[in-house]
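The values are calculated or read from the model by the stated rules, or taken from the named source; none is laboratory data. Keep in mind the model is a prediction, meaning the values are calculated, not measured. Using ideal geometry, Cβ is built from the backbone for each residue, glycine included, and neighbour counts are taken over all protein chains shown.
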Amino acid sequence: MDLKKEIKLSDLVPKRKPKVPKPEADEAPKEKKPKKPKKPKTSLLKKDLSFKRKPKEKRALVEEDEQPKKKRSKRAPRDGARTKRAKKLVGLKIGGSQLAAARIVNNGSPELVQVAREKLDHGLVVGGELREPELLSEQLRAFFRKHKLPRQGVRLGIANNRIGVRIFEIAGIDDPKQLENAIRFRAQEVLPIPIEEAVLDYQVLGDRVDEDGNKVRRILLVVAYRELIDRYVSACKKAGIRLAGIDLEAFALLRALATPPEDKTATADAAIVVVAIGHDRSTFAVSDGRVCEFTRVLDWGGGTLDVAIARELDSTPSEAEPFKRELSLAVDNVPEGLTAEQAATAREAVRRQLQGFARELVSSLQFYQNQPGSLGIGEIVITGGTAHLQGLGDELQKLIGVRVTVGDPLTRVKLGKKLKETEQVGSLAVAIGLGIED
């Protein structure tokens, strides 16, 4: 059950103590402007999206079937002790509208023993950017105190368009120090930000031998702006929280919702596509079952629907949000407090906004499938509070032409004896994934 062991990158924390490895950062790949569909009522993907693997570019004739290797940190000599402490983790997600935490005991199969959620003041975090570190530290301190959460062994999730993931190959280098230097040099070539302004982390996903007999390593690189990471670390430190690591929300999402393959050497038939719909942004991740091959943060979330409904009802987004929760796209229901005409108007406003979201998803899928070796798309798994809007998955499926299902983040964990199954756990998916130690 070590799915995506190679993509956790839980050592992303910037310089703090010798115990904690250095984080990495990058700017996400620039998004292509989504093309408007000619006929919104027809599938956006049926003609554009491939369900088959895209042929890879010419590669070596021989490959070594080696397990992905973890990068060893010189700053963590006491690895055995750290691993023992890491068995109990608190996954912490700081969203645009709420704080979410999941306490996981990793002893064999992961066990979820505690969950906590609280609303977060609007404006503190916008688009994944921390605007008010001092205010966030106060709310974090109150959040951990109220729910009696451990303040150590906390893994923080981050998602932002100023964080990027790259996969590339480096050949002919065996020395670890030279390999690290080569990766940093390559990072300067593929990233649009100065290396001195970034934190980066990498892991070796696998090795192969090329036609000339040289060992070629496949590298997963994560890069983020140092200032972005430092603000979150500072807020946590002031709240008395000791971070065990920082992870990309996309990686945590895949750990929570993607079932590990039984045969780790088998080639996947289709990509695993997971989308977490947040308040002001959505995290999009594609995996081959072992590694996150592509991720992107979309500037679209449940708050977009609140604004659209509020505009039609001449109200505020906060007043429209309860109506959104009760609205159905599957049947013509009338939420309490609305007339039948208002409900119909709100429903159409939601459908119009979903067309824009579908175009964003199509654009991201097409970008992924333009990469050599990309897989076909079997289905899209959605999660997050908005994902539970009745009929939303079916509506997206009609627009995209690919099966859309609502994921259950509890499938990878067993519930603790004192924990009852809660409703609408979609918003806990990232927090749960952050707590899982594969």
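Structure data summary
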quantity	calculated
Odd one out for Ser318, checked against (1) under 25 Å from the mean Cα position of the chain (by Cα); (2) within 30 Å of Ala101 (Cα to Cα); (3) assigned to a helix (DSSP H, G or I)	(1)
Some residue of segment 411-433 being among the acidic types (Asp, Glu) and surrounded by 15 or more Cβ atoms within 10 Å (Cβ to Cβ)	no
Residue within segment 331-354 that is under 30 Å from Val165 (Cα atoms) and either part of a loop (DSSP other than H, G, I, E, B) or modelled with pLDDT of 95 or more (or both) present	yes
Scan of segment 113-134 for residues that are over 19 Å from Lys146 (Cα atoms), in contact (Cβ under 8 Å) with a residue 60 or more places away in the chain and within 20 Å of the chain's Cα centre (by Cα), ordered by number	Val126, Gly127, Gly128, Glu129, Leu130
Which numbered condition Thr283 misses (of (1) surrounded by fewer than 19 Cβ atoms within 10 Å (Cβ to Cβ); (2) in contact (Cβ under 8 Å) with a residue 40 or more places away in the chain)	(1)
Criterion violated by Leu392 - all others in (1) under 23 Å from Glu326 (Cβ atoms); (2) at pLDDT below 95; (3) not charged (D, E, K, R) satisfied	(2)
Considering residues of segment 93-107 that are buried (at least 20 other Cβ atoms within 10 Å of the Cβ) and of a type in the set (A, V, I, L, M, F, W, C) only, the residue farthest from Ile158 (Cα to Cα)	Ile104
Filter result for Arg311 (outside any helix (DSSP H, G or I) and basic (Lys, Arg))	no
Selection from segment 275-308 of residues that are acidic (Asp, Glu) and outside any helix (DSSP H, G or I)	Asp280, Asp288, Glu293, Asp299
Out of Ala198, Ala187, Ala182, Ala244, sole residue that is surrounded by 17 or more Cβ atoms within 10 Å (Cβ to Cβ) and farther than 26 Å from Glu169 by Cβ	Ala244
Selection status of Lys417, among the charged types (D, E, K, R) and outside any helix (DSSP H, G or I)	yes
Filter result for the condition that a residue is in contact with a Ser or Thr (Cβ under 9 Å, 6 or more places away or on another chain), modelled with pLDDT of 90 or more and assigned to a strand (DSSP E or B), over Arg103, Arg117	Arg117
Matching residues, segment 205-230, being at pLDDT 85 or above and either of a type in the set (Gly, Ala, Ser) or in contact with a helix residue (DSSP H, G or I) (Cβ under 8 Å, 6 or more places away or on another chain) (or both)	Arg217, Ile219, Leu220, Leu221, Val223, Ala224, Tyr225, Arg226, Glu227
All positions within segment 391-410 that are surrounded by 15 or more Cβ atoms within 10 Å (Cβ to Cβ) and part of a loop (DSSP other than H, G, I, E, B)	Gly391, Gly401, Val402, Gly407, Pro409, Leu410
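One line per residue, one yes/no per condition, for (1) under 22 Å from Ala429 (Cα atoms); (2) within 19 Å of the chain's Cα centre (by Cα):
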position	(1), (2)
Phe323	no, no
Leu327	no, no
Pro335	no, no
Gln353	no, no
Gly356	no, no
Arg359	no, no
Gly384	yes, yes
Leu389	yes, no
Asp394	yes, no
